Amino acid sequence: MRKKGKNVTLIKQIKSFLLFHLVACICGFVLYLCLFQMRMFNFIEIYFYRGIFFVVLSAVVCGIVEAIIKIKTCTKKFDSRDIIASIAFIACVNMVWLSSVVVNVDRSFSVWMLSYLDKHPSRYVILDTAFQEQFIKDYGMLDRRLEEQLESNNIYLDAGTYRLTRQGKNIVAAFKTVGKLYKTSEQYYDPPELKAD
């Protein structure tokens, strides 16, 4: 009977643990979404960095709210370890969502191409022209990426020529290592020099 009682208690603890983290994660995700709607943080110009800031902020705010609830109610349903775990879990979930979905919508060529074809079914020649004129030129994709890398201190401008900083070189070395390990297309991490006509 004791063993059965222990099993029931353990199951209740697991259910309570899962429910706590599920509710915390949902609250953290909703807060994360709400932060993107607020214009007061637009001073962080680089979208990805703003997203990372929101990842940290939403997790910390949820952790503070959980700590206040713990102190005010003296509940034993969760403790400080649960709060720390929920902060980490919320941050992980929101970071994965940011890097795998949100950032792709913000900058992905595939997203632009599919959205363009949804509104304007096109032949290859038209699509290629639209890509050059709209995606690259009008949206300033190259300018945006250069600005991001300058702000990140990965590149610098030397008499009109963009060069990698030491940090940039380390990042490229890391990309090459990951590319070789996971057998990704070599043309992206080790592109040949463009030859003049």
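Quick notes
- A Cβ-based charge dipole, computed about the Cα centre of segment 2-107 with Lys and Arg at +1 and Asp and Glu at -1, lands at about 920 debye.
- Take each peptide in 182-195, 136-149, 19-32, count the other Cβ atoms within 10 Å of every residue, and average; sorted highest first, the result is 19-32, 136-149, 182-195.
- Extension gain, SER100 to ASN153, is 16.7 nm, computed as 0.36 nm per intervening residue step minus the present C-alpha separation.
- A full extension of the chain between ALA88 and GLU193 corresponds to an added length of 33.5 nm, given 0.36 nm per residue minus the alpha carbon distance.
- Proximal charge balance of ALA173 [Cβ under 14 Å; K/R count +1, D/E count -1]: +3
- In this simple spin-label approximation, MET38 and LEU181 carry label points 7 Å from Cα along the Cα→Cβ vector, and these lie 3.6 nm apart.
- Entry for volume of the Cα convex hull per residue in Å³ (calculated from the structure that is shown) out of [x] 198; [y] 235; [z] 135: [y]
- Distance histogram in 10 Å bins (all Cα pairs of segment 77-154, percent per bin): 15, 29, 25, 16, 10, 4, 0
- A simple charge model with +1 on the Cβ of Lys and Arg, -1 on the Cβ of Asp and Glu and nothing else charged puts the dipole of the chain at about 1820 debye relative to its Cα centre.
- Sum of -39500 (n - 2.57) over DSSP H runs of 4+, divided by residues of the chain (222 nm, nearest 500): -22500 deg cm²/dmol
- Distance from segment 62-139 to segment 142-159 (C-alpha centre basis), Å: 23 Å
- Charge-dipole axis of segment 1-131 as Lys and Arg at +1 and Asp and Glu at -1 on Cβ define it, positive-most pick from ILE11, SER100, GLY28: ILE11
- With only Cα atoms counted, segment 142-197 has Rg and Dmax values of 12.9, 37 Å.
- With K and R counted +1 and D and E -1, the other residues having a Cβ less than 15 Å from that of GLU45 yield a net charge of 0.
- Helical segments meeting 24 Å axial Cα length and Kyte-Doolittle 1.0 threshold in the chain (DSSP H): 47-73, 80-97
- Normalised contact order of the chain, rounded percent, pairs of Cα under 8 Å and 6 or more residues apart: 14 percent
- Projected label distance in nm at ALA174 and TYR139, using a 7 Å step from Cα toward the beta-carbon: 2.6 nm
- Annotation: Cα Rg of segment 2-107 relative to the compact-globule expectation 2.2 N^0.38 Å equals 1.30.
- Put a plus charge on the Cβ of each Lys and Arg, a minus charge on the Cβ of each Asp and Glu, and nothing anywhere else: the dipole of segment 126-176 about its Cα centre is then about 400 debye.
All of the numbers you see were taken from the coordinates with simple rules; none came from a lab. This structure is a prediction, so every number in the text was calculated from the model and none was measured. Cβ atoms come from the backbone with ideal geometry, glycine included; neighbour counts cover every protein chain shown.
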